[in-house]
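Novice: Right, I'll just put the structure down here and ask away after.
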Amino acid sequence: MDHSKRNSRRKFLADSGNVIAAGSLAALLPGLARAQAKPMTIGFLYTGVRQDYGWNQAHGVAARQIARLDGVKLLEQENVPETAESEKVMESMIRLDGARVLFPTSFGFWPFIMKVAPKFPEVLFVHAGGLWKDGDPKNTIGYRGYMEEPHYLSGIAAGRMSKTGKIGFIGAKPLYFIFNNCNGFILGARSVNPKITCQVLITGDWNNPVKEAEAVNSLVDQGVDVIVGNTDSPKVVIETAERRGIYSCGYHTDLSALAPKGFLTGAEWNWGKGADFVRAWQTGGTYPNLLRGGFKRDMVKLSPFGAAVPEAVRAEVLRARQGFADDKLALYRGPLKDNEGNVVLKAGETIDNEDNKFKFGVKFLVEGAIGKTGLAR
Amino acid sequence: MRERAEAAAITAGALLAALALFALFLLANGRDPLAVYAVLWLGGFGTPFSLQATLTQAAPLMLTALCTAIPARAGLLVIGGEGALVAGGVFAVLAGLGTAGLATAGLPASVGTVATCAAGAAGGAAWIAMAGALKHLRGVNETISTLLLNYIAIAVLNHLVSGPMRDPAVSLKATSWAIPQATMVGTIPGIGVHWGFAFGVIACLLAFALLRFTVFGFSVDVLGGNARAAQLVGLPIGRLTLIACALGGGGAGLAGAAEIIAVHGAASSSLAVGFGYGGILVAFLSRQNPLAIIFFAILVGGISASGGLMQRRFDLPDAATQVLQGMIFLCVLASNAFYGRIRLFQPRAVAE
């Protein structure tokens, strides 16, 4: 990989879809449009159940938030398989219930959206995943938050709260965004305590509670005292951590209730952003087809702090959040090495927080990580 | 004639009883049963779109129901439809991939389609025939062996699609290489339902004719009626058992092939979504009669198809339709106790 031209990738950004998206975002501002909002039925499809303490719950929370818009009626269907069956469910919502905006919330629904969307130009399809590319139907949207930013904030809390200097990350799959989250968590922790090390375990499954619990137990036995889980539902990770008496950070949605003693904070999606798309569709406004962003674009959130987090740490975390929001804090900044000793960024080099090309290509773990990506670099 | 009227009346009674029970369940959950049944009708049969969804659901159910119904006529309780469907799907994909070179060899793509279906049926047939062979040769209970074979089939499928057969280009979900587009079939013109539905109807008609009008069918019924008697009259029990199992498994295997060539195009865990188990319910509702299977597969398909709408309109959990299906299953099983006890349907004693 060529590391010398990173800064020039700002140029790449300049003509990337995100910026086009940002431009049209301005047109979404509600206020003026509110008067003309017409009644509209929206439909959410979940692969699992809404109360899964994870991915689906994050969408369920957003659905309720969006349903509070004027004239919006919410329909929901759980346990929709990621097969051709999902096409039937979408069509059924459109034909039998008159839905005009659909939120097929799982990553795996995308190919089926691509089949249904051209048949129903009067319906907007909003997909959580950011897979939209030029040439895809105009009545489809992909959106996704940079979760590495709130993970960085969790990392700050973890770095401050860890007594052993050992923290742990449990990931589901060896995928770029999991590595970004992991790196964010470690970089945040090491920004406040450069001696921190982080054990990284990849379970291989999106949902494997047994393996996840085993992973937590083995990490605790090795002295790890703060843990974050990146699986479909980190419930087991957090509950096991609480039982073992260590700290934990959340993922997807607000999980503070699972660990009243040890919960620090967590990384959350702000899927409620979908309200902007519904509003635009209702009023004939414009909308971006692809929207990726972090705190700057209000696409991610931070969970409420747990009781264990002292005021000073909270203030430090919130300062960093403001840094992301104001684009003054870059997550990947030099000097930076990976955990095999290779130089990723030289001193003075910085990766823009919205440099998708860099982020999609992340196949390394930063210095301080103990573990392997399992991928060829 | 009288027997058929008896079966129809008792099954209808069982269905009504199940609906009444489910109404109680709905009342207990604070829902209006009549409104729910109206939506059940709307979602399953009420609009052309609903009917399409229903028939699409019914297609694999007809074929997997045969997997239980045909061996049942020979006195075997086979519940391996899910495994046979999966096995059929895997074999179909292998055949589809194997015949991918046909176009270059100058043969029509339909050859690939036929080969895919044949391989699927053969795969399913071999799968259930294994259970038949175990039963005949080693006395292994076929219900247990077919149940366990389901798990084996699904495990093998998951192994294949995440290992040896995996298409690395598909990253969303472990999926096998896709069969050529030309091998795939579209929908039946006019009704917009995929060809698996036609396969199902034809297979049920053939099975009915086979069991009703041939020596084989009669022999199977004798075997199912009384195995000792069949042995005494010299029927080839082993062969009949194997063939009945293979035919049933072939049906479910064809269902797997149809799911591949008409819906998925590649093997993945999406093959095992419960059509095999739904088929058991259909077979029992039909009292193992292949003609009745066509009707009951559509009925059960309609209940499944309306599940989403019930969930959305009444905020019922998606398991609600499964509760209804379970109640129907129980009522139909319980209704067996009524056979021969309703005077109306009994032959009158001849006056002396």
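Novice: Report the charge-dipole magnitude of the protein assembly as shown in Debye, nearest 20, computed about the Cα centre from +1 at each Lys and Arg Cβ and -1 at each Asp and Glu Cβ.
Specialist: With only Lys, Arg, Asp and Glu charged at Cβ, the dipole is about 460 debye.
Novice: Provide the per-residue ³J(HN,Hα) series for the range A:163-171, in order, calculated from phi with Karplus coefficients 6.51, -1.76, 1.60 and θ = phi - 60°, each as a whole number of Hz, with x at glycine and proline positions.
Specialist: 9, 7, x, 10, 10, x, 10, 10, x
Novice: Pairs of alpha-carbon atoms within less than 8 angstrom and 6+ residues apart define the contacts here; what relative contact order does the range B:34-315 have, in percent?
Specialist: Dividing the mean separation by the residue count of the range B:34-315 yields 42 percent.
Novice: Another question, if that's okay. Would you mind pulling out the separation of the Cα centroids of the range B:63-119 and the range A:37-55, in Å?
Specialist: About 37 Å separates the Cα centre of the range B:63-119 from the one of the range A:37-55.
Novice: Something else: A:Ala63: net charge of surrounding residues, Cβ under 11 Å, Lys/Arg +1, Asp/Glu -1, itself excluded?
Specialist: It works out to a net charge of +2.
Novice: Return the percentage of antiparallel bridges among DSSP beta bridges fully within the protein assembly as shown, rounded to the nearest 5 %.
Specialist: 20
Novice: Right, something else. List the residues whose amide H sits under 5 Å from the amide H of B:His194, counting only those 5 or more places along or on another chain, with H placed 1.01 Å from N in the peptide plane.
Specialist: B:Ile188
Novice: Most mobile of A:Asn217, A:Asn353, A:Asn181 per a Gaussian network model of chain A (Cα springs, under 10 Å)?
Specialist: It is A:Asn217.
Novice: Of A:Phe120, A:Asn79, A:Gly60, which is farthest on the positive side of the dipole of the range A:59-126, counting Cα position, with +1 on Lys and Arg Cβ, -1 on Asp and Glu Cβ, and the Cα centre as origin?
Specialist: Ranked along the dipole, the leading option is A:Phe120.
Novice: Test of understanding: what is the full-extension gain from B:Leu107 to B:Leu137, defined as 0.36 nm times their sequence separation minus their Cα-Cα distance?
Specialist: Full extension of this stretch gives 6.5 nm more.
Novice: Given H placed 1.01 Å from N in the peptide plane, which residues other than close sequence neighbours of A:Leu102 have an amide H under 5 Å from its amide H?
Specialist: A:Gly43, A:Leu124, A:Phe125, A:Val126
Novice: Name the residue farthest towards the positive end of the dipole of the protein assembly as shown from the options A:Ile238, B:Ala203, B:Ile191, assuming +1 on Cβ of Lys and Arg, -1 on Cβ of Asp and Glu, about the Cα centre.
Specialist: A:Ile238
Novice: Considering every Cα-Cα pair within the protein assembly as shown, what fraction, in whole percent, is farther apart than 35 Å?
Specialist: Across the protein assembly as shown, Cα pairs with separations above 35 Å total 53 percent.
Novice: Cα-based Rg (one decimal) and Dmax (whole number) for chain B, in Å?
Specialist: Just the Cα atoms of chain B yield Rg and Dmax of 21.3, 81 Å.
Novice: Would you mind calculating the relative contact order of the range B:166-245 from Cα pairs under 8 angstrom and at least 6 residues apart, reporting the percent as a whole number?
Specialist: 12
Novice: Tell me what the protein assembly as shown gives for mean residue ellipticity at 222 nm when only DSSP H runs of n ≥ 4 count, each as -39,500 (n - 2.57), the sum divided by the residue total, rounded to 500 deg cm²/dmol.
Specialist: So the calculated ellipticity at 222 nm is -16000 deg cm²/dmol.
Novice: Also, I was wondering about something else. Amide H to amide H, which residues 5 or more places from A:Cys198 or on other chains are under 5 Å from it, using H placed in the peptide plane?
Specialist: Residues meeting the criterion, in which the H sits 1.01 Å from N, are A:Ile167, A:Ala369, A:Ile370.
Novice: Can you tell me the dipole magnitude for the range A:72-149 around its Cα centre, using point charges on the Cβ only (Lys, Arg +1; Asp, Glu -1), in Debye to the nearest 20?
Specialist: Result for the range A:72-149 is approximately 320 debye, rounded to the nearest 20.
Novice: Also, I was wondering about something else. When only C-alpha pairs under 8 Å and at least 6 residues apart count, what is the relative contact order of chain A, in percent?
Specialist: Rounded, it is 20 percent for chain A.
Novice: Mind checking which lysines have their C-alpha under 24 Å from B:Lys173, skipping anything on the same chain fewer than 8 residues away?
Specialist: In chain and number order, the partners are A:Lys88, A:Lys115, A:Lys133, A:Lys173, A:Lys211, A:Lys235, A:Lys357, A:Lys359, A:Lys363, A:Lys372.
Novice: Here's a follow-up. For an R0 of 56 angstrom, estimate the FRET efficiency from the Cβ-Cβ distance between B:Leu291 and A:Lys133 and round to the nearest 0.05.
Specialist: Once rounded, the FRET efficiency stands at 0.65.
Novice: Arranged by the count of other C-beta atoms within 10 angstrom, fewest first, what order do A:Ile227, B:Ile188, B:Ile128, B:Ile79 take?
Specialist: Fewest to most other Cβ atoms nearby, the residues stand as B:Ile188, B:Ile79, A:Ile227, B:Ile128.
Novice: Tell me, what ³J(HN,Hα) does each residue in the range B:241-249 have, in order and in whole Hz, if you take phi through Karplus 6.51 cos²θ - 1.76 cosθ + 1.60 with θ = phi - 60° and put x for Gly and Pro?
Specialist: For the range B:241-249, the Karplus curve yields 4, 4, 5, 4, 5, 5, 5, x, x Hz.
Novice: Sort A:Val362, A:Val210, A:Val237 so the one with the fewest other Cβ atoms within 10 Å of its own Cβ comes first. Mind dumping the intermediate values first?
Specialist: Values: A:Val362 22, A:Val210 10, A:Val237 30.
Sorted ascending by nearby Cβ count, the order is A:Val210, A:Val362, A:Val237.
Novice: Roughly how big is the range B:34-315's charge dipole about its Cα centre, with Cβ charges of +1 (Lys, Arg) and -1 (Asp, Glu), in debye to the nearest 20?
Specialist: 360
Novice: Over the range A:66-188, consider all pairs of different Cα atoms and compute the Kirkwood hydrodynamic radius from their mean reciprocal separation; express it in Å, one decimal. The partial results should precede the final answer.
Specialist: Values: mean 1/r = 0.0590 Å⁻¹.
Taking the inverse mean of 1/r over all distinct Cα pairs, the range A:66-188 comes out at 17.0 Å.
Novice: Can you list, bin by bin at 10 Å, the percent of alpha carbon pairs in chain A, starting at 0?
Specialist: Answer for chain A: a P(r) of 5, 24, 32, 25, 12, 2 percent.
Novice: Per residue of the range A:312-328, in order, report the coupling 6.51 cos²θ - 1.76 cosθ + 1.60 (Karplus, θ = phi - 60°) as ³J(HN,Hα) in whole Hz, putting x for Gly and Pro.
Specialist: With coefficients 6.51, -1.76 and 1.60, one gets 4, 5, 4, 4, 5, 5, 5, 4, 5, 4, 4, x, 5, 4, 8, 6, 9 Hz.
Novice: Also, quick follow-up: Go ahead and set up a Gaussian network model of chain A, Cα springs under 10 Å, then flag whichever of A:Ser154, A:Ser233, A:Ser106 fluctuates most.
Specialist: A:Ser106
Novice: Roughly how tilted is helix A:148-161, in degrees to the nearest 10 and between 0 and 90, from the longest Cα axis of chain A?
Specialist: With both axes taken from Cα atoms, the answer is about 30 degrees.
Novice: Please name whichever of B:Gly225, B:Gly250, B:Ala109 sits farthest to the positive end of the charge dipole of chain B, dipole taken about the Cα centre and charges placed at Cβ: Lys and Arg +1, Asp and Glu -1.
Specialist: Of the options given, the answer is B:Gly225.
Every number in this text was worked out from the coordinates using simple rules, so none of it is lab data. Note that this is a predicted model, so its numbers are computed, not measured. Methodologically, a virtual Cβ is constructed for each residue, glycine included, from the backbone with ideal geometry; neighbour enumeration extends over all protein chains shown.
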